[in-house]
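The values are calculated or read from the model by the stated rules, or taken from the named source; none is laboratory data. This one's a predicted model, so the numbers in the text were calculated from it and none came from an experiment. Methodologically, a virtual Cβ is constructed for each residue, glycine included, from the backbone with ideal geometry; neighbour enumeration extends over all protein chains shown.
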Amino acid sequence: MRHAELTSDAARIGKILKSGLDTKAKRVAEAWQQGIVDVMAETEMTGRRYYYPGLGWTRASLPHRAPAIQTGEYARSIQVRRVGRTGPAWAVGTDKELGEWLEKGTENMAPRPHFEEGYRRNRAQIEREMNREITARERHFGI
């Protein structure tokens, strides 16, 4: 699973992590997840036409664009999960092998990045929420 890297100021974050950012960190991961699904939902199916069992004839997204939602099964598999046992550590990912194939591509398929695009989509919101919470915690704890 991919992990959200929210800041490069490790010393500042290190002091804050123990002070209850768990709920906020989960909300940030959920914003990233929603960005991924939104990017996929807006992708036009203008790529190669192919037959999908159970769905019939359909079109893929263009290479180097986020994958288009065909049945919704893959989009529903993108989840927010806790990683580790302590601290606000949340990951956004899927346990479907298809996720890595789409994000990175394969020998026979160009990548269709959607995790990075989903993060970029909601980057301002994600960073604003984290910075607001970190600043409030710093004031409260006198850090």
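Of the candidates R65, R81, the single residue that is among the charged types (D, E, K, R), within 13 Å of the chain's Cα centre (by Cα) and outside any helix (DSSP H, G or I) is R81.
Taken together, I134, I78 contain a single residue that is at pLDDT 95 or above and surrounded by 12 or more Cβ atoms within 10 Å (Cβ to Cβ), which is I78. Has region 10-20 got any residue that is of a type in the set (D, E, K, R), modelled with pLDDT of 75 or more and surrounded by 11 or more Cβ atoms within 10 Å (Cβ to Cβ)? Within region 10-20, not a single residue is of a type in the set (D, E, K, R), modelled with pLDDT of 75 or more and surrounded by 11 or more Cβ atoms within 10 Å (Cβ to Cβ). Scanning region 24-67 for residues that are farther than 23 Å from N122 by Cβ and of a type in the set (S, T, Y) turns up T46, Y50, Y51, Y52, T58. For region 113-143, filtering for residues that are in a loop (DSSP other than H, G, I, E, B) and either under 13 Å from R27 (Cα atoms) or in contact (Cβ under 8 Å) with a residue 60 or more places away in the chain (or both) leaves 3.
Please indicate, with yes or no, whether at least one residue in region 88-102 is more than 25 Å from E42 (Cα to Cα) and in a loop (DSSP other than H, G, I, E, B). Yes, that holds for at least one residue.
Name every residue in region 100-116 that is touching a helix residue (DSSP H, G or I) at 6+ places or on another chain (Cβ under 9 Å) and small (G, A, S), in order of residue number. Once the filter is applied, which keeps residues that are touching a helix residue (DSSP H, G or I) at 6+ places or on another chain (Cβ under 9 Å) and small (G, A, S), region 100-116 yields nothing. Just to be sure I understand the filter: pairs with C-beta atoms under 7 Å, separated by 6 or more residues or on different chains, first member in region 38-58 and touching a residue at least 12 places away in the same chain (Cβ under 8 Å) and farther than 16 Å from P111 by Cα, second member hydroxyl-bearing (S, T, Y) and in a loop (DSSP other than H, G, I, E, B). Which pairs pass? Matching pairs, first to second residue: L55/T71. Within region 26-43, is even one residue at pLDDT 85 or above and in a loop (DSSP other than H, G, I, E, B)? Within region 26-43 (the criterion being at pLDDT 85 or above and in a loop (DSSP other than H, G, I, E, B)), the answer is yes, since at least one residue qualifies.
Across region 39-62, the qualifying residues are those that are closer than 24 Å to D95 by Cα and of a type in the set (S, T, N, Q), and the one among them that is farthest from the chain's Cα centre (by Cα) is S61.
Only one entry of T46, T71, T106, T58 meets the criterion of being in contact with a strand residue (DSSP E or B) (Cβ under 7 Å, 6 or more places away or on another chain), polar (S, T, N, Q) and assigned to a loop (DSSP other than H, G, I, E, B), and that entry is T46.
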